[in-house]
Amino acid sequence: MKESTTLKKAVIVDDELGARESLSKMLEKNCKNLQVVGKADNMMNAFVEITNNQPDLVFLDIEMPNGNAFDLLEKFKEINFNIIFVTAYDHYAIKAIKFSAIDYILKPVDPEELVKAVSRFESQHETKTSLDKKFKTLLSNVKPENKLKKVGIPDGDGLIFINLADIIRCDSDGNYTYFLLTSGKKIIASRTLGEYEQMFAEDNFFRVHRSHLINLEHVKKYIKGEGGYVIMSDNSQVEVSRRNKNEFLEKLSHQ
């Protein structure tokens, strides 16, 4: 006798009928462990569908009539469901979504990308508390008046949320990245340094060396040399590569 697989419940929120139906058919064909239990075309209907159906996963378009996805999430006292955002690439919130370590797929939805995103969801084992914290961090990051940004660091067991201002530097270790913090703690993240270089590009971080991404706010001194090196706020010394030296000094001069 075959063991029965418990289906995960999903809700689709998109103001376009064609987009809802297309996504629903893709899920039915490619993601057999997911069951679509509700669909909604605006914020109020979405709130009702999510409240009534208690889904495990919500596919959420960012823009919708009478409010956006973040207005919707603000309505929940506790966010105990996971989310995959479905949106256009140039949306302003993509960066905040990345910072909060939340998944997203781009429109038009590619079936392969959809399957990968659902697989990542299925491999996660987050508690209700960690889910709520993750999405509360997103809601904080997405507000333009909030300059103190937090980033979610996947550490293998879940997510650690840290303030950007508390990161002194990031060091590469193959497919992993070490975060050196003002507290003296060292956190290893299961992502490459290149991913964090892209993510922090507009936040006063600079890759001085193929192995080092530094927070310019924590630079104490630059010592001349072929490439030279910097002394950081924790008194650590970080090598500057010859090829990155001029761009780094130019960036440093505007601090």
Lys, Arg +1 and Asp, Glu -1 on Cβ, resulting dipole of the stretch 8-141 about Cα centre, debye, nearest 20: 480
FRET efficiency, residue 223 to residue 140 (Cβ-Cβ, R0 25 Å, nearest 0.05): 0.10
For the stretch 210-255, size of Cβ-based charge dipole, Lys and Arg +1, Asp and Glu -1, in debye: 140
Degrees separating the helix 128-141 axis from the principal Cα axis of the chain, which is the longest one: 60
Debye, to nearest 20: dipole size of the chain, +1 on Lys, Arg Cβ, -1 on Asp, Glu Cβ: 740
By average C-beta atoms within 10 angstrom, highest first, the peptides 244-250, 42-48: 42-48, 244-250
0 to 90° range, to nearest 10: angle between helix 111-123 axis and the chain longest Cα axis: 80
The chain: angle of helix 43-53 to the longest principal axis, Cα-based, in degrees nearest 10: 70
Antiparallel DSSP beta bridges within the chain, percent to nearest 5: 60
Over the chain: helical MRE at 222 nm, DSSP H runs n ≥ 4 each giving -39500 (n - 2.57), nearest 500: -9000 deg cm²/dmol
Listed residue pairs exceeding 32 Å between alpha carbons, taken from 9/185; 32/185; 8/136: 9/185; 32/185
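Taken together, the values in this text are just the output of simple stated rules run on the coordinates, not laboratory data. Quick caveat: nothing in here was measured; it's all calculated off a predicted structure. Because the Cβ atoms are built from the backbone with ideal geometry, glycine has one as well, and the counts that use them run over all protein chains shown.
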